[in-house]
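Participant: Pasting a structure below so you can have a look.
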Amino acid sequence: MGVKSDGSYGVDADLFYSFPVMVDAAAAGDGAGGRGSGTYSIVAGLDLDTDTATHIAATTRRLRAELDDAIVIDDSLPPDAFDDVIDAASSSPAAEAVPCRGEI
C-alpha cells in the first residue's frame, strides 16, 4: 500500500512509497468490504534479497530526484515549500481510510 515512509527499508521518511503493511483487523470493519479507521503499520524486518534492496534504493533515489526537481521548478520557493501540503495529505481522513476485503 502506498503510504508516507517512516524510514523503513531505507526509504526517505518524507517520501510516499508502496510498503507491505498490516491493517488492524479491529479497525478494518466487518471483513466484508467495510471501511475502518485506516489503522495500519508497515511490516518491519523483512529479509530483502540483493536485487530487491537495489531496486528499492534506485527507486528512492528517483523519487527524491523527482521531488527535488519539482521544488526547483520555481527557485523562489524554499526547499520545504511543500512540507505543509505533504503533511496535510498524509493526515487527511481520506488518506487514513483503508478499504479492506476478506480476513486479515
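Participant: Take peptides 41-53, 6-18 and line them up by average Cβ neighbours within 10 Å, highest first, as a rough protection proxy.
Facilitator: 6-18, 41-53
Participant: Set the Förster distance to 35 Å, then compute FRET efficiency between Asp83 and Thr52 from the Cβ-Cβ distance, nearest 0.05.
Facilitator: It comes to 0.75.
Participant: Could you give the length gained on full extension between Arg61 and Ala13, defined as 0.36 nm per residue of separation minus the Cα-Cα distance, in nm?
Facilitator: That works out to 16.0 nm of additional length.
Participant: Taking amide H positions as placed 1.01 Å from N in the peptide plane, with prolines and chain starts having none, which residues 5 or more places from Val21, or on another chain, fall under 5 Å of its amide H?
Facilitator: Amide H neighbours of Val21: Val43.
We did not get these values from a lab; they are worked out from the coordinates using the rules stated. Model, not experiment: these values are computed from the prediction. Counting neighbours? That spans all protein chains shown, and the Cβs are built from the backbone with ideal geometry, glycine included.
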